[in-house]
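Data first, discussion second: the structure below is written as C-alpha cells.
The values are calculated or read from the model by the stated rules, or taken from the named source; none is laboratory data. Quick caveat: nothing in here was measured; it's all calculated off a predicted structure. We place every Cβ from the backbone using ideal geometry, glycine too, and count neighbours over all the protein chains shown.
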Amino acid sequence: MRRFLVAGNWKMHGSKELTAELISGVSRHVLDNARISEQKVLAYDILVCPATPYLQQASTLAEALPIQVGAQNVNANAQGAYTGEVSLSMLSELGCGHVLLGHSERREVFGETDTSIAEKFASCVNGEFDITPVLCIGETLAARQAGETENVVAAQLDAVLDVVGIEGFKDAVIAYEPVWAIGTGETASPEQAQQVHAFIRAKLSGLDAEIADKLRILYGGSVKPGNAEELFAQIDIDGGLIGGASLDVSSFAGICEAAQKLATQA
Ligand code: 13P
C-alpha cells in the first residue's frame, strides 16, 4: 500500500511570517484531527516546498513536526560559476529531502527542457545527497484537445528514463499536473486524472512492475479541500501537489485530512 503524500508548492509566495504561520498552523490542525479520529500518528506524509530563502526557517520549524521540507528547483552541477543557482549539497544543508523538478512554470517561463530536467533528476538519484526528485509532468490544453495527452506525458517520462533508466525511479515521486488545471480553478475530473495516472504507472510497470507499484504519483492542478478526497480516492492517485491552497492553513490542512481519512478507513 502506497502512503499518501500531500505536498505544498508555495511558488514565489511567502514571507518569514507566513512560513511560521503555515508550518505551525498546518501541523496543529492535522495533529488535532488525527487525535480526534483516534489515530495518534499521521497515516500519510506532508511536504512543504517554500521559496529558497525560507528553507532554513521552514526546516528548523518543522524539525519536531510531521512535516518535511523540499525545494522548488536545483542546479544539476555540484558547484561552480552558476550565478543565482542552488546545488543539491546546499539544499541538503538547508534540510531539504525533496526537490520539485520540471514544474510547468519552470518549463514555460524559464525555458527548462526535458534534457535539463533529466540532468537534474540524474544528479538527485546518482548523487550522495538523499534528496528525492519530484518529477512534474503534464500536458497543455492544446495537447489535450488534440488527443496528445499520453504522448506528451510519455515523452516527458522517456526523457528522464533515457538518462537514469527505470532504476532511477526507485525512490522518486511523479507529479502529474495538467497545465490547464494549474491555478485556473479548473481541476481534472477524478476520472481524467486517474486515466493519466494509470497510464504513467502502466508505462513504468512495463519496465519494472515493483518499482512502478511502489512509486507515488501525485495529482496537481486546483486541488482544494472540496475535491481532494474524490481525487485521492482514485486507485493510482497517491496524494497531491498543491499550489494556491497550500498557502492557507485551513485549506492545506483540509486537503491533508482527506489523505488521513482515506488512509485510515478500512
Ligand atoms: P494550483 O493548486 O494553484 O492549481 O497549483 C498547482 C501547482 O502548480 C502545484 O505545483
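Structure above, values below:
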{"item": "Residue in the stretch 252-266 that is over 24 Å from PRO133 (Cα atoms), without any contact (Cβ under 8 Å) to a residue 12 or more places away in the chain and away from the ligand (no atom under 16 Å from the Cβ) present", "result": "yes"}
{"item": "Qualifying residue in the stretch 189-205 (condition: within 11 Å of the ligand (Cβ to nearest atom), hydrophobic (A, V, I, L, M, F, W, C) and in contact (Cβ under 8 Å) with a residue 12 or more places away in the chain)", "result": "no"}
{"item": "Elements of type helices (runs of 4 or more DSSP H) in the stretch 74-141, at least 2 residues being β-branched (Val, Ile, Thr)", "result": "114-126"}
{"item": "VAL164 being in contact with a strand residue (DSSP E or B) (Cβ under 6 Å, 6 or more places away or on another chain) and over 20 Å from GLY8 (Cα atoms)", "result": "no"}
{"item": "Matching option when the condition is part of a helix (DSSP H, G or I), at pLDDT 95 or above and in contact with an Asp or Glu (Cβ under 8 Å, 6 or more places away or on another chain), among ALA198, ALA193, ALA154", "result": "ALA198"}
{"item": "One residue from ASP248, ASP208, ASP238, ASP213 being more than 10 Å from the ligand (Cβ to nearest atom), acidic (Asp, Glu) and within 17 Å of the chain's Cα centre (by Cα)", "result": "ASP238"}
{"item": "The stretch 216-235 - residue that is of a type in the set (A, V, I, L, M) and within 11 Å of the ligand (Cβ to nearest atom) and, of those, surrounded by the most Cβ atoms within 10 Å (Cβ to Cβ)", "result": "VAL223"}
{"item": "Qualifying residue in the stretch 208-231 (condition: in contact with a helix residue (DSSP H, G or I) (Cβ under 9 Å, 6 or more places away or on another chain), closer than 13 Å to ALA7 by Cα and part of a helix (DSSP H, G or I))", "result": "yes"}
{"item": "Those residues of the stretch 20-33 which are in contact with a helix residue (DSSP H, G or I) (Cβ under 6 Å, 6 or more places away or on another chain) and surrounded by fewer than 23 Cβ atoms within 10 Å (Cβ to Cβ), in sequence order", "result": "GLY25, HIS29, ASN33"}
{"item": "Sole exception among (1) within 16 Å of the ligand (Cβ to nearest atom); (2) surrounded by fewer than 19 Cβ atoms within 10 Å (Cβ to Cβ) for TRP180, by number", "result": "(2)"}
{"item": "Hits in the stretch 162-173 - residues which are hydrophobic (A, V, I, L, M, F, W, C), part of a helix (DSSP H, G or I) and farther than 11 Å from THR115 by Cα", "result": "VAL164, ILE166, PHE169"}
